[in-house]
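Structure, as structure tokens:
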Amino acid sequence: MRSFPHPNYRKLPILIALLFVHSADTQPAVPGTAPVTPRIDLGLQPTPVIVPEAFDHLPDNLTVNLPPGFSARVFAPSESFKRLRFMAFDDQQVLHVADMDDDEILALPDHDGDGVADTAIVVASGFSRPHSIAFHGGDLYVADRPEIFRFRDKDADGIYEIREKLADLPSSGSHSTRTIVIHEQRQKMYVGVGWPCDLCEVSDPERGTILEFDLDGSGRRIYASGVRNVVGMTVDPRTGELWGTNNGHDHEGVSSPPEWIDRIRDGNFYGIPFAYGYRKYVDFSYSAYRAHLPLSAADSALVETMQPPAALLPAHTAPMGILFYDHDSFPERYRHAAFVALHAGHAYLAPIPGYEVVALFVDPDGSHARVASFLSGFQTDTEVSDVWGFPMGLATDNHGRLYVTSDRKNKVVLRVEAGPLIASWDRAPADSISAGALLSLDAIVRVERAGGEQPVELEADLSALGGPQAVPLEALEDGRHQLTFRGIAATGVSGLQTVFVRVRQGNHQIRVEHRIAVLPDRPRTDVVVYEEGLAAGWDADIRTAFDDLSEDLDQGQTVFHGKRAASFHGTGDDWDWVVRFKPDLPIDAVGLKAVHFAFHPGTTSGDRPRLNFYTTGTLIDLLSEGYVDLARKEWQVVKIPLHRFGEREPIRELTLGGYFRGVFFIDDLKLVGGVMMTVVEETSASTPASFNLYQNYPNPFNSSTVIPFSLSTSARVLLGIYNLAGQRVATPVNGEFLPAGPHRVLWDDAGRGDLASGVYIYRLSVEGMRQTRKLIFLR
């Protein structure tokens, strides 16, 4: 008798909710979970891409986002490039790249050292689908779809005439990219072989594996198994361990598994086709995955061997190339960081964060991982057509410059380098202030690199907040400079504003920016999107895989209130659709509190129906989070706090998406304004001996309550309110830097929202430490 292996399968959502309430930093990894790795901010800002005159076929206004002091230029474009994938430098520091759809390996020499490839030379050809390359001992190794080749240049002219097949590879089905890594210390080569489908039954034991070979193709064995599609691989120079990036399976909707980045260890099993994350089983209720049931005892035993992955990225971001930075050209924080190219950023025709290169900061043993956007800005608006570059391969030269291929849209190689002057926030200003309040800023900028004998000068421009244009910073030790400013009222401004610090040394100048949300001094009115028809300035845009969705924005049979509501009729079979409500101009989100709409499931049906909501870079699964119930054939009011969608970015679209057949209805769609939460600070000359969170008072309460806490040192503070499902419902203190001493926070927003009576959790987070208490809200 075979049985389902995990007796607590139905309880896993509760475990995940508890993980959300407690700290992922301090709690050990929990089997049955897959939490996405926390992100940190490197303070990216728009940076024009340098496009040499010779490349006049490229757009002349390309821009990326980079940390202050970094620059990007086009190293090699060609109108004849078809699909540039992975790269490698040979012993002469000539960059080579696999052009996968042209079945060629190209050399891109820069003999005059002007930062631009002189030409593109075909050095090897005649492949099926070459994806990655590596050099060893002067030889060129190529991982093609069905084979591994080794090439030799017999006359040292840069063309590889001698071709030797080292091994055949499984090649049927999808996931046809083959990635090769040469491990110099072990004198071995490793090749990734993907699963031939999304998540089907496979009999070939070499599918979904990392294969190990001797450098002549002998000694073949399975090194690791249970991977779906490890596209990128590299060796960590600190430890000699193999690392890889894996693309997860797709058909669990917004709840599809995160993509992993992890050490690939000898003999390890990575879950496919049974599990992902840390022993979290796939959703076997989906018909395509049900074929894996019932699981055998051996299947369950394999899952029990899975180790927590080093890092997990959001689903559908498609991590590709990976490399560990082992140079001194970039500031010290990047030494031994791993750069990872994210090739995608769209799920179900709605965008999610992607199309970027991220930096993974991780300890040598794979612990304490943090992810940060490093090179972004490839997507200029909300459509896939607005993406101008698709990051794929990564490489560094002997000078420590980073090279990035884009294999779609603009097929180029970008070169990223650090300038002579690098600075960043060591302690950024507060993320928000209230309009009309005294402007009180306390922050520190760290100059990470400065050359020459000339002094470095820093001054802040606070004019966007109604302050002066030039406030000098005070020099501290270790390259740090203090910004302190108080006394000028921020009047007449609201919304998302940018302050910046100019950093000058001689002829070099950069600026370090920070955006601050200026909260309006009076409630914002609601922004109506659909009510008795589309509001002025809004459009409804419907997208599907096969144009199988129709709409009636003026139907009058099933109505929430008034005389009209919108209906949407889907007839697709497991294909995705979205309904995108788009304003003529972006909507400032500051002072808006929630997205509100009424939803009626109508006649919807389907195998594993999906429904998600997207805005400002984040998708929320409305079904799994309980916002709507398709079994309730009645109007349901949905209200999602805007803080669930992350930063206060301007709103460019409100999108409903997913999959099901039948008719559903939408009415009363709007962005809800309201009174902002008030923070009351109380300090004294005495400094408490510890960091403490105290019981709120009054408790229970029905309107407002005071939450006291104390800090032993000045620190950045996050105070969040959570329901028992682990969802954050309010953020009375959102990352403000507060001085040492006792503090009181007045939370007066509970009674104005849609919170139900009951027990809530409030949690204080201070520089990696957390304390939690309960409060009771009564309506």
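The values are calculated or read from the model by the stated rules, or taken from the named source; none is laboratory data. This one's a predicted model, so the numbers in the text were calculated from it and none came from an experiment. No Cβ is skipped: glycine too gets one built from the backbone with ideal geometry, and neighbour counts run over all protein chains shown. In case anyone asks, the SASA skips ligands and DNA or RNA and just uses the protein heavy atoms, side chains included. Shrake-Rupley method; radii C 1.70, N 1.55, O 1.52, S 1.80 Å.
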On the accessible surface of the chain, probed at 1.4 Å with all protein chains in place, carbon and sulfur together account for a percent value of 49 percent
Burial-style ranking of 144-150, 56-62, 288-294, average other-beta-carbon count within 10 Å with highest first, yields 144-150, 288-294, 56-62
For the range 69-138, diffusion coefficient by Stokes-Einstein and Kirkwood Rh (Cα), 4 °C, 1.567 mPa s, µm²/s: 102 µm²/s
Within a Cβ distance under 13 Å of T317, other residues only, what is the Lys/Arg minus Asp/Glu net charge? -2
Report Rg(Cα)/(2.2 N^0.38 Å) for the range 233-353, keeping two decimals. 1.21
Scoring only Lys, Arg, Asp and Glu (+1, +1, -1, -1) among other residues with Cβ under 15 Å from the Cβ of E532 yields -3
For the range 648-658, Karplus-derived ³J(HN,Hα) couplings (6.51, -1.76, 1.60; θ = phi - 60°; whole Hz; x for glycine and proline) come out as 7, 6, x, 8, 9, 6, 10, 10, 9, x, x
For V64, residues with placed amide H under 5 Å, excluding near neighbours: T47, V49
Cβ-derived FRET efficiency at R0 35 Å, D266 paired with E201, nearest 0.05: 0.85
Note, ³J(HN,Hα) from phi for the range 44-57, Karplus 6.51, -1.76, 1.60, rounded to Hz, x at Gly and Pro: 4, 8, x, 9, x, 7, 6, 10, x, 4, 5, 9, 6, 7
I'm spelling it out carefully: the read-out is percent of Cα pairs over 42 Å apart, the candidates are [x] 45; [y] 35; [z] 48, and one was derived from this structure. Which label? [y]
Accessible area per residue in Å² at 1.4 Å probe, computed on the chain: 40 Å²
State the three equivalent ellipsoid semi-axes of the range 179-293, derived from the C-alpha gyration tensor as the square roots of 5 times its eigenvalues, in descending order and whole Å. 27, 15, 10
If you wrap a convex hull around the alpha carbons of the range 379-533, what volume per residue comes out, as a whole number of Å³? 165 Å³
Using Cα-only point scatterers and the Debye equation, what is log10 of I(q)/I(0) for the range 254-294 at each q in 0.20, 0.24, 0.32 Å⁻¹, rounded to two decimals? -0.69, -0.90, -1.24
What list of ³J(HN,Hα) couplings, whole Hz, do you get for the range 264-279 from phi and the Karplus terms 6.51, -1.76, 1.60, once you set θ to phi - 60° and write x for glycine and proline? 9, 10, 4, x, 6, 10, 10, x, 6, x, 9, 8, 8, x, 10, 6
To the nearest Å, what is the center-to-center distance of the range 653-674 and the range 249-302, using C-alpha atoms only? 32 Å
Assuming R0 = 25 Å, can you tell me the calculated FRET efficiency for the pair K639 and A535, based on Cβ-Cβ distance, to the nearest 0.05? 0.85
Tell me which residues come under 5 Å, amide H to amide H, from Y223 once H is placed; ignore anything under 5 positions away on its chain. I210, L211, E212
What is the sum of charges, Lys and Arg at +1 and Asp and Glu at -1, for the other residues whose Cβ falls under 14 Å from the Cβ of D110? -3
Once the Cβ-Cβ distance between N507 and D41 is put in as r, and R0 is 30 Å, what FRET efficiency do you end up with, to the nearest 0.05? 0.55
Which of the peptides 362-372, 470-480 is most tightly packed, and how do the rest follow, going by the mean number of other Cβ atoms within 10 Å of each residue? 362-372, 470-480
So which lysines pass the test for K670, namely a Cα distance under 30 Å, with those fewer than 8 places away in the same chain ruled out? K563, K582, K593, K633, K639
List the lysines whose alpha-carbon lies under 22 Å from that of K280, not counting same-chain residues fewer than 8 positions away? K11
Count the DSSP beta bridges whose two residues both fall in the chain, then state the antiparallel fraction as a percent rounded to the nearest 5. 95 percent
How far apart, in nanometres, would the label points at A156 and A54 be if each is projected 7 angstrom from Cα along the Cα-to-Cβ direction? 2.6 nm
Putting +1 on Lys and Arg Cβ atoms and -1 on Asp and Glu Cβ atoms, find which of P77, T33, T119 reaches farthest to the positive end of the dipole of the range 21-121. T33
Cα-Cα pairs in the range 558-655 separated by more than 18 Å, as a whole percent of all pairs, come to 52 percent
Given 20 °C and 1.002 mPa s, how large is the Stokes-Einstein diffusion coefficient of the range 99-253 in µm²/s, with Rh as the Kirkwood radius over Cα pairs? 129 µm²/s
Which of the peptides 154-163, 591-600 is most tightly packed, and how do the rest follow, going by the mean number of other Cβ atoms within 10 Å of each residue? 591-600, 154-163
